[in-house]
Amino acid sequence: MDGKWIALKYFYEDNPMEIVSPMTMNNDTALHVVASNRYSDLLKHLILLIKDNAPEMLRRALKIENNDGNTPLHEAAASGNLDAAKLLVDEDKILSGQSSFSSLVEIRNQLGESPLYRATAFGHTNLVKYLASQVKPQQQDIEQQQLELAIEYHFNRNHDNISILQIAVISQHFETALWLLKKYPDLANRKESNGLTSLQLLAQMPSAFEPKFRQSKWKKLIYKYSGLFDDDNCDSERRSNQSPNQNDDLESGSNQPPNQNDEDLDRRSNQPRQSSSSKKITKLLLGWRPTSKMFEEMQNQKLLSKLTDLLVKEYSWAGEYSDSPNIRNTFCLLCSNKQVEEDSDCGCHDGGETSKSIYKYTPLLTATCTGILQIVEKIINFNPQAIEARDIETRENILHVAIKHRQLAIFKFVRKEKTITSRLAYGIDSDGNSILHHAADMKFYTVDAQHVSGPAFQLQEELFWMARVEKIMPRHYAMHQNNQGVTAKELFESKHSSLLASAKGWIKETAQSCSTVAALVATVAYAAAFTVPGGNDKRGVPVLGHSPFFITFAISDTISLICSLTSLGTFLSILTSPFEYENFHCSLPFRLHLGFALLFFSLVATMFTFTATLVLLIHHQKMWTTSLIYVVALLPVSVFGLSQFPLYDGFRKSLKYISKKIMKPTISLIRDVFVNLKLFIESILNLKFCIRRLPG
């Protein structure tokens, strides 16, 4: 549609019988199109045209389906058009002679979705509340038990049995999911066709727990220190900015959902109100798009935390073991499996959690696989015994799963409980693998490109991981063989042989390239030392030696020469190394980091030397000329530094690791020396005192 709604209105005024005729390739009628585009007034006008010209067609017009089986109410539910939904439901009530309920809300589309289910899938909470209040009971006398039986019809869709709560969780509409779970707690224990509960599905969604605002430090500072993003104040601002059809009070009057209480209203009324100036600042910040996006993500995280708490408390995680294979299926979140196979370009695949591997594990172990520490903490805090649970098929505990999936945060969390960790470390899975075997296996290893910048550092990370696990594993398990008769060390060497070969080639090429650059820098620095800017006088004294920039030239050139030669020696030592596994644990990566750092410092010093030389030669020029020279001279260093920043971060980590290994024993040794020296001095003084007390 081109948005020519007035022309559309005039067309149907002249041709009212065409309102029920298809107007799109999907066989959408005018009611479908208008209901999905939030033009409630035009929808009302079209319905009046049908009433005036062909009232017998109105029932058919309201229930006519497009190619997807969607009625106009389905389209209104998907778009969140509350006014259109009310209008369609009210007209159906009049036609059917019902005063409270509409049969229109009971119609399912080809995916087996009712309008209530479809509104949930798109996260329109207000519309979900309204449609839930319009569900038809089995009998005319409305009782709570009958109403619950009636709404059961809307809790699942047909083809995959995904519940209405699960579709809200999968679509990451946590406000809607939280309302549904509070309203209908039994939804927490419903399973879809693969036997997974809502918490198990949530545990497969790590991206939901890592909002984008956490990647920006300034956004976190705004949120933390502004004190303006109060939930209630921001909720009120958000409600005031909503359109009128989204601002209706669904919790009162004829639209009141069943069992709605006023707990939230009482809580809000008892809280202090925000000052007018704070409200203005809050409104200003919310009007700024980056801040508004940040607030939405933070609100979503708070809702997600509350939802996780409720799901954990509903026991949906306890004792849920599946006999299915490790990865059974892949499914599209909003479409059927069949539709995904036929049309890979379905709209659900544009982004987000579009497809997921279905794990056989409990929510605790699934969250451990995906690294969702929040779920792991909540489950263990709610039931501490869960930390010792094992998978019924593989006999793996939380430590096995965390280690083989390289989930360091969860590994550290489990290690806090030393007594439990020691028991878990003794665990052997059904294949005879110890925790060290899982650390040695690369089956679930994935490269973190943001923190690891080359094969050598990948191998170093793997060696660090083995070292972490060895610290908590019983010593005699080092020689333990699994069911294939392989020890952990043998498994590590066989699985990492290709990575070792890649690391060898990569670090050799890098060291060779950098040693060439270091040699060139050393040559330039050495030549500059004997080419004094301004020349020498008859006595051999530099003509410009009195200038402070000459001292800068001399110092920076010396630093450049020393750093470049040291860097060259470091890279040459790498080329002569044996390249065994133990060399990649600390020695080779640290040398490479050190070589890069020294090379960078030599380049910086060379640029300072160059800048100081230019200033000495053209110091009489205008200020803007010298400033431009400074910028141009330092530009190459800045580009090189930014491009190699991950390596410097790795150097910092390696330096920290080495200092930790060296400084702790050194400090302990110095402390012992001082203590022994103190005791020795005290003993000498005591001996001297005793000698003085002797008679004669």
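Nothing in this text is a laboratory measurement; each read-out follows from the coordinates by a stated rule. Everything numeric in this text was worked out from a predicted model, so none of it was measured. All Cβ positions, even for glycine, are placed from backbone atoms using ideal geometry, and neighbour counts span all protein chains on display.
Which chymotrypsin sites (Phe, Trp or Tyr not before Pro) in the stretch 360-417 pass both tests, a DSSP loop state and at most 11 other beta-carbon atoms within 10 Å?
none
Tell me whether the stretch 360-495 comes out rounded, prolate or oblate; compute the Cα gyration tensor, take square roots of the eigenvalues as a ≥ b ≥ c, and use a/c under 1.5 as the rounded threshold.
Oblate.
What FRET efficiency comes out for THR446 versus ARG395 if R0 is 30 angstrom and r is the Cβ-Cβ distance? Round to the nearest 0.05.
Taking R0 as 30 Å, the efficiency between THR446 and ARG395 is 0.80.
Could you tell me how far the Cα centroid of the stretch 405-420 sits from the Cα centroid of the stretch 459-538, in Å?
If we compute the Cα centre of each part, the gap is 28 Å.
Count charges around SER573 for me, please; just the other residues with Cβ under 14 Å from its Cβ, Lys/Arg as +1, Asp/Glu as -1. Walk me through the numbers on the way to the answer.
Details: positive: LYS508, ARG591; negative: none.
Every neighbour counted, the sum reads +2.
Between ILE562 and LEU679, what's the calculated FRET efficiency when r is the beta-carbon distance and R0 is 51 Å? Round to 0.05.
0.70
Mind checking the stretch 390-428 for trypsin sites (Lys or Arg not before Pro) that DSSP puts in a loop (not H, G, I, E or B) and that have at most 11 other Cβ atoms within 10 Å?
Loop-located and lightly packed - LYS416.
Once the other residues with Cβ under 13 Å from the Cβ of ALA54 are scored (Lys, Arg +1; Asp, Glu -1), what is the net sum?
Details: positive: LYS51, ARG59, ARG60; negative: GLU18, ASP52, GLU56.
It works out to a net charge of 0.
Give, in nm to one decimal, the length gained when the segment between SER573 and LYS63 is fully stretched (0.36 nm per residue of separation minus the Cα-Cα distance).
175.6 nm
Taking other Cβ within 10 Å of each residue's Cβ, how do LYS191, LYS293 sort, fewest first?
Ranking LYS191, LYS293 by Cβ neighbours within 10 Å, fewest first, gives LYS293, LYS191.
For the cross-link pairs LYS191/LYS404; LYS378/LYS418; LYS129/LYS293, which exceed 22 Å when the distance is taken from alpha carbon to alpha carbon?
Flagged as over cut-off: LYS191/LYS404; LYS129/LYS293.
Find how many whole Å separate the alpha carbon centroid of the stretch 434-448 from the alpha carbon centroid of the stretch 55-123.
52
What does the charge add up to near ALA30, with Lys and Arg as +1, Asp and Glu as -1, over the other residues with Cβ less than 12 Å from its Cβ?
Around ALA30, the charge tally is -3.
Could you give each residue of the stretch 376-391 its phi-based ³J(HN,Hα) in whole Hz, using Karplus coefficients 6.51, -1.76, 1.60 with θ = phi - 60°, and x for Gly or Pro?
Result, rounded to whole Hz: 4, 4, 5, 5, 5, 5, 6, 9, x, 5, 5, 5, 9, 5, 10, 5.
Label points 7 Å out from Cα along the Cβ direction at ASN27 and ILE691: separation in nm?
11.5
Calculate, for ALA409 and ALA519, the FRET efficiency according to 1/(1 + (r/R0)^6) with r their C-beta to C-beta distance and R0 51 Å; round to the nearest 0.05.
Efficiency, from the Cβ-Cβ distance: 0.75.
Please arrange CYS563, CYS690, CYS514 by how many other C-beta atoms lie within 10 Å of their C-beta, fewest to most.
In increasing order of surrounding Cβ atoms, one gets CYS690, CYS514, CYS563.
Between HIS476 and ASP41, what length comes free when the chain is fully extended (0.36 nm per residue of separation minus the Cα-Cα distance, one decimal in nm)? List each step's numbers first, then the result.
Values: separation 435, 0.36 × 435 = 156.60 nm, distance 7.78 nm.
Here the segment from HIS476 to ASP41 would lengthen by 148.8 nm.
Return the long-range amide H neighbours of ASN156 (sequence gap of 5 or more, or a different chain), with a cut-off of under 5 Å between placed amide H atoms.
Close amide H contacts, sequence-distant or interchain: ILE164.
At HIS159 and TYR526, where each label point lies 7 Å from the Cα along Cα→Cβ, what is the point-to-point distance in nanometres?
7.4
Trypsin sites (Lys or Arg not before Pro) within the stretch 70-127: which are DSSP loop residues with at most 12 other Cβ atoms inside 10 Å?
Listed in order of number, the matching sites amount to none.
Using θ = phi - 60° and the Karplus curve 6.51 cos²θ - 1.76 cosθ + 1.60, what whole-Hz ³J(HN,Hα) does each residue of the stretch 547-559 get, with Gly and Pro shown as x?
Using θ = phi - 60°, the values come out as 7, x, 5, 5, 5, 4, 4, 5, 5, 5, 5, 5, 4 Hz.
Residue by residue through the stretch 15-23, what is 3J(HN,Hα) from phi via Karplus (6.51 cos²θ - 1.76 cosθ + 1.60, θ = phi - 60°)? Round to whole Hz and write x for glycine and proline.
Each residue of the stretch 15-23 in turn: 10, x, 6, 7, 4, 8, 8, x, 10 Hz.
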